[in-house]
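Each remark here refers to the structure printed beneath this line.
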Amino acid sequence: MITPEHLHHEGEETEECQTPRLLIVDDEEIMREFLKEVLGDEGYVIDLACSGTEAVTKMTEGKYDVVITDIVMPELDGLGVVAAAKQLPYEVAVIVMTGYASMETAVESMKLGASDYITKPFNIDQIRIIVSNTLEARALRKRAAEGEFYKELSRKDGLTELYNHRFFHQLLDTEVSRAQRYGRVVSLLMIDIDDFKRYNDSHGHPAGDLILRRLARLVKRSSRNCDFVARYGGEEFAVIVPEVKADAARRMAERVRALIDESEFEGEETMPGGRLTISIGVATFPVQAGSKSELLGNADKALYEAKAKGKNRVVVFGEEAVN
């Protein structure tokens with residue numbers, strides 16, 4: 001299960017609330033101390049490095065929000081610091097310092113990934129504004145990334161990491177509407193684990209959860225990149241298959257069924273026939289259903305028929321069972 005890096009224990013200070021940490025890199029002590037005084041007055045936590053090599057060591061051992069580095073330094077220069085920063089396991093913004101004579105190098109550093117540059121001789125207000133804007137842009141990118149994370153998380157089933165029931169319905173609404181609008185087809189596979197209650201009763205729900213996770217991976221692996229695989233509820237899964245007619249959907253369903261039948265599962269010897277199996281019902285819009293609700297209902301009826309005819313088989317709505 002995906003876990004956001006920013007989640008924290010109760011009582012810990014969140015990353016957003018922490019005082020920004022800045023690393024100032026310059027081989028001239030007077031420049032380091034000047035910037036430390038200017039930016040320290042803004043309330044930032046300031047660290048200093050007298051060379052690019054020392055800066056890389058500090059960035060590796062600690063964690064900074066912004067690195068302000070001179071371009072021209074012996075051994076490892078500012079471009080080297082920018083390149084090293086891009087390899088870190090966390091995001092750090094790099095601001096380079098350059099004289100007007102070295103503007104081409106500053107532009108090159110921006111191409112490598114620097115966030116901004118400061119020109120010498122320094123303008124104190126310019127320094128403050130650039131650092132403040134850089135921190136604000138970094139915070140906005142982080143919030144946007146977290147927003148996408150939580151958006152994706154809200155769509156997923158926590159156990160299997162497939163799409164959840166609620167988002168499945170949104171996807172099916174969209175695909176049926178698209179098929180209706182453009183005169184296309186969309187098929188739906190409803191999948192249920194046969195006799196899963198017996199497995200849970202014999203081995204316990206934690207073992208059953210492992211089966212659900214593994215089955216989810218297998219169904220996902222058997223599907224195309226453009227298909228939508230969801231946990232419909234309990235031991236039931238659903239696969240939305242756009243642009244696929246009933247015959248092709250049946251063949252796909254049979255591949256999924258056969259893969260599960262041929263796979264080995266821990267503790268399946270307690271199941272009927274000594275193996276864990278699935279049944280699948282298939283329906284296609286608009287051939288076998290005129291609406292989303294009919295598509296769901298007919299796929300479910302086909303699944304019920306597969307169960308009634310002995311399980312471990314595929315039934316397409318209105319057709320004979322396979323296997």
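The values are calculated or read from the model by the stated rules, or taken from the named source; none is laboratory data. Remember, predicted model here, so these are calculated numbers, not experimental data. Note: ideal-geometry Cβ built from the backbone for every residue, glycine included; neighbour counts use all protein chains shown.
Quick notes
- The residue that is surrounded by the fewest Cβ atoms within 10 Å (Cβ to Cβ), counting only those in segment 203-228 that are in contact (Cβ under 8 Å) with a residue 60 or more places away in the chain and of a type outside the set (Gly, Ala, Ser), is 203.
- Test: residue in segment 258-278 that is farther than 22 Å from residue 209 by Cβ and in contact with a His (Cβ under 9 Å, 6 or more places away or on another chain): no
- Selection within segment 279-307 - surrounded by 19 or more Cβ atoms within 10 Å (Cβ to Cβ) and β-branched (Val, Ile, Thr): 280, 282, 284
- Restricting 256, 282, 239, 287 to those that are on the phi < 0 side of the Ramachandran plot and modelled with pLDDT under 95 reduces the list to 287.
- Answer residue from segment 91-114, given it is in contact with a strand residue (DSSP E or B) (Cβ under 7 Å, 6 or more places away or on another chain) and in contact (Cβ under 8 Å) with a residue 40 or more places away in the chain and is nearest to residue 25 (Cα to Cα) among those: 97
- Cβ pairs under 9 Å, 6+ apart, first in segment 156-175 and over 19 Å from residue 285 (Cβ atoms), second surrounded by fewer than 17 Cβ atoms within 10 Å (Cβ to Cβ) and of a type in the set (A, V, I, L, M): 156/1; 156/2; 158/1; 159/1; 161/1; 161/2
- Odd one out for residue 282, checked against (1) free of Cβ contacts under 8 Å to residues at least 60 places away in the same chain; (2) part of a strand (DSSP E or B): (1)
- Pairs with Cβ under 6 Å, 6+ apart, first in segment 229-247 and assigned by TED's automatic domain parsing to the domain that holds residue 297, second assigned to a loop (DSSP other than H, G, I, E, B) and buried (at least 23 other Cβ atoms within 10 Å of the Cβ): 229/162; 230/162; 231/162
- Number of residues in segment 261-278 that are surrounded by 24 or more Cβ atoms within 10 Å (Cβ to Cβ) and within 30 Å of the chain's Cα centre (by Cα) equals 1.
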